[in-house]
Amino acid sequence: MGKRNYLIEGVSGTGKSSVCHELRRRGYAAINGDQELAYQGNPATGEKTEGLRHEYHIWDVEKVRRLAADQADEATFFCGGSRNFKRFIDLFDEVFILDVDARTLNERLDSRPDSWGKRKSERDLILRLHATKEDTPPGVVIDATQPLTGVVDESSAVSEPNRRARTASRRPAAPGGTRRAWRPAPCGRRREG
């Protein structure tokens, strides 16, 4: 879908779906991975599994590859979380991690219309993953406690001309909520060919 492809990641409740909707509203090509790419499957093989378990929430790798190879748009944003991101992360020019503090995360999970994160076991898992970052790829951290427009401004600035001037002054939050000087993510990858 894009000449450049970006991944918007983060634990449940950080705002990935909201960012996707706002990107679309602004006219960007944006894919809601949870709705358009996800299924329950083995992260290593892609083989479908029964039941609903966090560790089996994966994306269709071939579909991700096809969408990323389509260069009809200048930029495409893939929004959502996947347990098999290691199988396709090389397709993204940049990865953005939405991050919030634990209080904000709990408030957002409490107010969600869907049920994920409502049960104690799910909430405990989300809070553990939030604290440890063990389930999140490396990337540029964006403070997702700011208004949605600011989050989208930060993540979409890289796809616009003159992006260096815009991104050089960004100061995203590092894990734990402290501010740090912006620098390119160690995992920022360019597609070859």
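Annotations for the structure displayed:
- Checked against (1) buried (at least 19 other Cβ atoms within 10 Å of the Cβ); (2) on the phi > 0 side of the Ramachandran plot; (3) of a type outside the set (Val, Ile, Thr), residue 51 passes all but condition (1).
- Qualifying residue in segment 10-32 (condition: of a type in the set (Phe, Trp, Tyr) and over 24 Å from residue 118 (Cβ atoms)): yes
- Filtering 75, 68 for residues that are under 26 Å from residue 158 (Cα atoms), in contact (Cβ under 8 Å) with a residue 60 or more places away in the chain, in a strand (DSSP E or B) and not β-branched (Val, Ile, Thr) leaves a single hit, 75.
- Residue 98 among the aliphatic types (A, V, I, L, M), within 20 Å of residue 139 (Cα to Cα) and touching a residue at least 40 places away in the same chain (Cβ under 8 Å): yes
- Within segment 43-59, the set of residues being in a loop (DSSP other than H, G, I, E, B) and among the β-branched types (Val, Ile, Thr) comprises 45, 49.
- Filter pass, residue 62 being at pLDDT 95 or above and part of a helix (DSSP H, G or I): yes
- All of 35, 40 fail the test of being surrounded by fewer than 18 Cβ atoms within 10 Å (Cβ to Cβ), free of Cβ contacts under 8 Å to residues at least 60 places away in the same chain and in a strand (DSSP E or B), apart from 40.
- Residues located in segment 1-32, provided they are touching a residue at least 60 places away in the same chain (Cβ under 8 Å) and among the charged types (D, E, K, R): 3, 4, 9, 16, 22, 26
- When residues in segment 117-139 are screened for being part of a loop (DSSP other than H, G, I, E, B) and in contact with a Ser or Thr (Cβ under 6 Å, 6 or more places away or on another chain), 1 of them pass.
- Within segment 140-157, restricting attention to residues that are of a type in the set (Gly, Ala, Ser) and in a helix (DSSP H, G or I), the residue that is farthest from residue 10 (Cα to Cα) is 157.
- Considering (1) without any contact (Cβ under 8 Å) to a residue 12 or more places away in the chain; (2) within 12 Å of residue 11 (Cα to Cα), the lone condition that residue 105 does not fulfil carries the number (1).
- Considering 181, 102, 185, 173, the condition of being modelled with pLDDT of 90 or more and of a type outside the set (Ser, Thr, Tyr) is satisfied by 102 alone.
The values are calculated or read from the model by the stated rules, or taken from the named source; none is laboratory data. Just so you know, these numbers come straight off a predicted model, no measurement behind them. Note that each Cβ is placed from the backbone with ideal geometry, even for glycine, and that neighbours are counted across all protein chains shown.
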